[in-house]
1. Starting at the first residue of segment B:56-69, write each ³J(HN,Hα) from the Karplus equation 6.51 cos²θ - 1.76 cosθ + 1.60 with θ = phi - 60°, in whole Hz, x for Gly and Pro.
2. With contacts defined as alpha carbon pairs under 8 Å and 6 or more residues apart, what's the relative contact order of chain B in percent?
3. According to a simple spin-label model (label point 7 Å from Cα along Cα-to-Cβ), what is the distance in nm between B:T10 and A:S69?
4. So what is the accessible area of chain A per residue, in Å², with the probe set to 1.4 Å?
5. With springs only between Cα atoms under 10 Å apart, run a GNM on chain B and tell me which of B:K42, B:K56, B:K68 wobbles the most.
6. Which of the lysines could be linked to B:K98 by a straight reach, that is with a Cα gap under 24 Å, when you skip same-chain ones fewer than 8 residues away?
7. Which residue, A:T55, A:T86, A:T70, tops the fluctuation ranking in a GNM of chain A built on C-alpha contacts under 10 Å?
8. Can you compute the radius of gyration and Dmax for segment B:13-107, using only the Cα atoms, both in Å?
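The values are calculated or read from the model by the stated rules, or taken from the named source; none is laboratory data. Not measured: the values here are computed from a predicted model. All Cβ positions, glycine included, derive from the backbone under ideal geometry; neighbour counts span all protein chains shown. Surface areas here come from the heavy atoms of the whole protein model, side chains and all, with no ligands, DNA or RNA. Shrake-Rupley method; radii C 1.70, N 1.55, O 1.52, S 1.80 Å.
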Amino acid sequence: NAGVTQTPKFQVLKTGQSMTLQCAQDMNHEYMSWYRQDPGMGLRLIHYSVGAGITDQGEVPNGYNVSRSTTEDFPLRLLSAAPSQTSVYFCASRGSYNEQFFGPGTRLTVL
Amino acid sequence: GESVGLHLPTLSVQEGDNSIINCAYSNSASDYFIWYKQESGKGPQFIIDIRSNMDKRQGQRVTVLLNKTVKHLSLQIAATQPGDSAVYFCAEINQGGKLIFGQGTELSVKP
């Protein structure tokens, strides 16, 4: 199993650009989520999904969209990037047991 | 609102000593708590968890203690090793199934 994979590892955007952060898991987990982590801070929940076709907002959803067309994939979209979205983004998945597995992260800089 | 916070941002211990990392939470209805370890440049890694109907749980070299009376959680690491150097987060799964993180404590182990 590859676990949770994220692409890209690094990305630099200009203000106003759009992009999609990819996340995939091969553990057949129903629950997937996206977090952002700012320096010296814990992880804050952006969006989550309890299964294919179902998504919901977390603590900091503004400026981000998600979709869940398959169990495996949970992409995060930035429609118009802003400098405040400079952060490290982590995708995670969780099965029936509560242990949550995290991906390696995507480091995003918005200029 | 809910919050899960840590008492100290940094902790420095001598190799071989025991480490204690503390965490306070505010939601008395929280049912499930998790400790994560995050090494530099990596995603959080599950260490140990505890349910609210328990007050102690032990793993390999780690023990989590839960005091529901004062809403306090601690992680004890026995015989701390240089490989234990990382940022440690406590997290809570609330009634809605969301995983909420605290700010983090950076543990440094001196050889």
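1. With coefficients 6.51, -1.76 and 1.60, one gets 7, 8, 10, x, 7, 6, 10, 9, 10, 10, 10, 10, 6, 4 Hz.
2. Computed value for chain B: 37 percent relative contact order.
3. That separation, rounded to one decimal, is 4.8 nm.
4. 46 Å²
5. B:K42
6. Those lysines meeting the cut-off are B:K37, B:K42, B:K56, B:K68, B:K71.
7. A:T70
8. 12.9, 40
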